[in-house]
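The values are calculated or read from the model by the stated rules, or taken from the named source; none is laboratory data. Small disclaimer: the values here were computed from a predicted structure and weren't measured. We place every Cβ from the backbone using ideal geometry, glycine too, and count neighbours over all the protein chains shown. Ligands, DNA and RNA are excluded from the accessible area calculation, which covers all protein heavy atoms including side chains. Shrake-Rupley method; radii C 1.70, N 1.55, O 1.52, S 1.80 Å.
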Amino acid sequence: MKHFHFRLLLLPLLLLAFTSVRSAAQTVSGQITDATGLPLIGATVQEVGTDNGTQTDLEGNYRFQVSGTAPTLRVSYL
């Protein structure tokens, strides 16, 4: 009988662990501007070491999902 109760307790814990790992991805957002505060249109923002990234919009804003909880972002602009 004790094994049955243990299994009932184990299932929710496993589901909670899976949810925690899955929620490690997060959305980052911000605005890229030049030294005078003007938005940089079309700047590339990328999570280092991945293919995750995007380009800034007409107001210099970006938003995308990263895979880690403390990502390093690289911004490039030509």
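From the list Tyr77, Tyr62, which one is at pLDDT 95 or above and hydroxyl-bearing (Ser, Thr, Tyr)?
On inspection, the qualifying residue turns out to be Tyr62.
State which residue is least open to solvent (accessible area, probe 1.4 Å) when the search covers only segment 21-43 and only residues that are within 12 Å of Tyr77 (Cα to Cα), touching a residue at least 24 places away in the same chain (Cβ under 8 Å) and assigned to a loop (DSSP other than H, G, I, E, B).
The selected residue is Ala43.
Across segment 44-68, what is the number of residues that are touching a Pro at 6+ places or on another chain (Cβ under 8 Å) and in a strand (DSSP E or B)?
Adding up the residues that qualify gives 2.
Cβ-Cβ distance below 7 Å, separation of 6 or more or different chains: which pairs start in segment 54-70 with a residue that is closer than 9 Å to Ala43 by Cα and without any contact (Cβ under 8 Å) to a residue 12 or more places away in the chain and end on one that is assigned to a strand (DSSP E or B) and open to solvent by less than 70 Å² (accessible area, probe 1.4 Å)?
From segment 54-70, the pairs are Thr54/Val45; Thr54/Tyr62; Thr54/Phe64.
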